[in-house]
Each structure stands twice: as C-alpha cells, then as structure tokens.
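A quick write-up on the structure given underneath.
The values are calculated or read from the model by the stated rules, or taken from the named source; none is laboratory data. Just so you know, these numbers come straight off a predicted model, no measurement behind them. Every residue, glycine among them, receives a Cβ derived from its backbone with ideal geometry; neighbour counts consider all protein chains shown.
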Amino acid sequence: MGEKTEGKTTGNTAGGKGEPIIRLAGLGKQFKTAGGVVTALEDINLEINHGEIFGIIGLSGAGKSTLVRCINYLEVPTSGAVVFEGVNLAGKNEKVIRKARQSMGMIFQQFNLLAQRNVLQNVCFPMELVKVPKKEAKRRAEELLELVGLSDRMKAYPAQLSGGQKQRVAIARAMATNPKVLLCDEATSALDPNTTKQILDLLKKINREMGVTVIVITHEMAVIEAICDRVAIIDNSRIAEYGAVADIFSNPSTPVGRRLILGDAAKQVALGADRQLRIIFDGRESSEPVISNLVLACKVPVNIMYAATKDVGGKAMGQMMIQIPQDEVDANRVINYLKTMKIAFEEVR
C-alpha cells in the first residue's frame, strides 16, 4: 500500500486483492440550487481493487451517497473521471453507461422492493428489463434465493418479511444480472445488530465465493471493521484519508478519522493533571496482557481512561488512552518500557 496521506494514497494500489476495477480521478460534483452552487464532491481520487471489500465512511452530509451515485453514473460528475474496467465513462453514450451500470448491483437502506410482486418476482425484475428469457430468469432467481437463505419464501410478499429478509431479497435482486461490483448504500442502517451481522456475513460470502467486488457506504465504523479490506474517510466533500482498515483504525491521521473511530467516548476523556498516553495496538497478539505487564514491570499506577480495541484474526487492533503519574521518574519508567517493548504510543497534551 502507498503512503497514507490526507486526501489520497500515493504509490501503488497494493493492499486490496487485485488490480483496480474502479478508478476515480479528480472527481467532482456540483448541484445548482436556488441558493447558488453547492459542491457535493471535490477532487476525489480513489482506486478500488477487483475482488476487495472497500468501505467509504463519513458523517452525515459528507458526500457518501453522492459519491456512490457518481460511481454508477446515476449522477453524472461535474468534473474528473470514473474509470470502470479501464473505460472512462465521461462522455460515453447511454449504451456504454448502461452496460457499465448493469455490472454494478446496488442495495439500499430502505430495500426498495416492489410491494405488488412476490419475492421471486422481485428478483426476476431486473432480468426482465434486460430481456432474459422467463425460464432462465426464474432458474437464476431460485439459485440466488437459495444463496441468500430464502428459498422457502419465494411466494411471500415484502409486507410478510422481516427487515433482514427484505435486505436478503434486495441482495439477491442486485446479483440477478451477475454484477462485478455490489454497491451497498447504508445497507444495514435500518437493521438490528444481530441482523446486521448476518447481512455482513452474507456480503462476505458473496465476495469470497463469487469474486464480486463490494463497496460499502456507511457512517458506522463497526461495519467497516467487520467486513472491509480498505477504507476511505470522506469529510466535507473530500477524501480525508484512506488505506488498510487496520492502519486507519490503529492510527487515524485526521480529526474526522479520530472522531469516527473514537466516537463520543473520546470526548469523555477528562484531561486531568496527570500525563496521558495514547497506546496504539497495531497487530500485537490479542492474548498479550500489555497493560498488566506494564504495571508489573514499572511498579507504577496506570489509569485506563478510554479503550477502543478489537480482536482481528488473533491480533489486537485499536487504541487506548492511559493516564500515567505526573512524577517525572515514574512517567519516564513507563515511557522507556513502552519503547523497549516496541509498543507504539504518543503523548496526548
């Protein structure tokens, strides 16, 4: 992976699973309103690799949904380029754009199912639009409903389904035309935590078994941590930073990154008289008792002010705020221990 910077990543695109399937270069989008021109996106530069799960996260109003609609050309960018499989969509005729759009399935927060059609008919609908023979469409729909675990609900109507079941139907429908990319715009925001996990597991299965590139747009860092290989943070219409999820989570380099990762709990860390350190967990064994070992080795009291750590494949990722004594000798003992043990940290002032 290239160097993590504010605005874009430099260097090559290693860190995903293949060569870029989508490249955004200098992408911009403006809207004309009664109050004047509004800039929704400005100088967006991203490369999304074939076969990866890529996350785009930001606070409300940051430009996430506009970005995803520009990727599939439901919104035509004002400037810059959307390059899909090596083809710059700018200025292309409707036939070329429609073909690219058919290669990008999309699922939404509110499911967008057709209420008057049953589950099977909903999944068949996009195939009807591209003139797939009825018999073939029905067979494909049945296969997809089995994939998403709803083969027993084919004749049910949307009103008879739970939220999670509706999203499974929406995923099957999005996959009906064999897309190469699946765009998920806040796809789990309306679901409870347990159902969210099930839907994310399904997306990972589709990515792993079918090789579909998945782009996840969300405002929830937990969704990014659970499923994504890499992530871009969008803030005020621009990319603030992007890179591997583990890198961004362990050491966010921008204020918006720290806000998204630390959340409201970070505001509750009271800056007292004692010194504070931010310990960065960037791949140590989860079983290693870092703080206990520190206290035993240094024989000084340490107060944990805040922690946001995760176990990712047996490795500890995240960060922790600790308070150490004001006494210079005790504080230096802690700092020297962290340096000796090669534990990444920084002093918070």
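When restricted to residues that are in contact with a strand residue (DSSP E or B) (Cβ under 6 Å, 6 or more places away or on another chain) and under 17 Å from G28 (Cα atoms), the stretch 85-100 contains 3. The set of residues in the stretch 69-85 being part of a helix (DSSP H, G or I) and either of a type outside the set (A, V, I, L, M, F, W, C) or touching a helix residue (DSSP H, G or I) at 6+ places or on another chain (Cβ under 8 Å) (or both) consists of R69 alone. Out of everything in the stretch 101-118 that is surrounded by fewer than 20 Cβ atoms within 10 Å (Cβ to Cβ) and of a type in the set (G, A, S), what residue ends up being nearest to the chain's Cα centre (by Cα)? Filtering the stretch 101-118 for residues that are surrounded by fewer than 20 Cβ atoms within 10 Å (Cβ to Cβ) and of a type in the set (G, A, S), the one nearest to the chain's Cα centre (by Cα) comes out as S103. Within the stretch 55-80, being surrounded by fewer than 16 Cβ atoms within 10 Å (Cβ to Cβ) and either closer than 13 Å to I22 by Cβ or not small (G, A, S) (or both) holds for L59, L74, V76. Could you list, in sequence order, the residues of the stretch 313-332 that are surrounded by fewer than 18 Cβ atoms within 10 Å (Cβ to Cβ) and either of a type in the set (V, I, T) or out of contact with any strand residue (DSSP E or B) (no Cβ under 8 Å at 6 or more places or on another chain) (or both)? Correct list: G313, D327, E328, V329, N332.
Where in the stretch 18-60 are the strands (runs of 3 or more DSSP E), entirely inside, with at least 3 residues that are modelled with pLDDT of 90 or more and within 18 Å of G257 (Cα to Cα)?
Of the strands (runs of 3 or more DSSP E) lying wholly inside the stretch 18-60, those with at least 3 residues that are modelled with pLDDT of 90 or more and within 18 Å of G257 (Cα to Cα) span 36-49, 53-57.
Please indicate, with yes or no, whether at least one residue in the stretch 119-128 is within 25 Å of V68 (Cα to Cα) and part of a loop (DSSP other than H, G, I, E, B). Checked the stretch 119-128: no residue is within 25 Å of V68 (Cα to Cα) and part of a loop (DSSP other than H, G, I, E, B). Of the strands (runs of 3 or more DSSP E) contained entirely in the stretch 293-349, those carrying at least 2 residues that are of a type outside the set (D, E, K, R) and without any contact (Cβ under 8 Å) to a residue 24 or more places away in the chain fall at 303-312. For the stretch 81-128, the tally of residues that are touching a residue at least 12 places away in the same chain (Cβ under 8 Å) and basic (K, R) stands at 2. Taking the conditions (1) exposed (fewer than 14 other Cβ atoms within 10 Å of the Cβ); (2) in contact with a Gly (Cβ under 6 Å, 6 or more places away or on another chain) in turn, E52 satisfies each one other than (1). All of E225, E241 fail the test of being charged (D, E, K, R), surrounded by fewer than 21 Cβ atoms within 10 Å (Cβ to Cβ), in contact (Cβ under 8 Å) with a residue 60 or more places away in the chain and over 26 Å from N118 (Cα atoms), apart from E225.
For (1) surrounded by fewer than 22 Cβ atoms within 10 Å (Cβ to Cβ); (2) in contact (Cβ under 8 Å) with a residue 60 or more places away in the chain; (3) basic (K, R), each residue gets a yes or a no:
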{"position": "E142", "(1), (2), (3)": "yes, no, no"}
{"position": "E146", "(1), (2), (3)": "yes, no, no"}
{"position": "D152", "(1), (2), (3)": "yes, no, no"}
{"position": "A156", "(1), (2), (3)": "yes, no, no"}
{"position": "Q165", "(1), (2), (3)": "yes, no, no"}
{"position": "V169", "(1), (2), (3)": "no, no, no"}
{"position": "M175", "(1), (2), (3)": "no, yes, no"}
{"position": "C184", "(1), (2), (3)": "no, yes, no"}
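Assess whether E142 counts as being acidic (D, E), in a helix (DSSP H, G or I) and within 21 Å of N49 (Cβ to Cβ). No.
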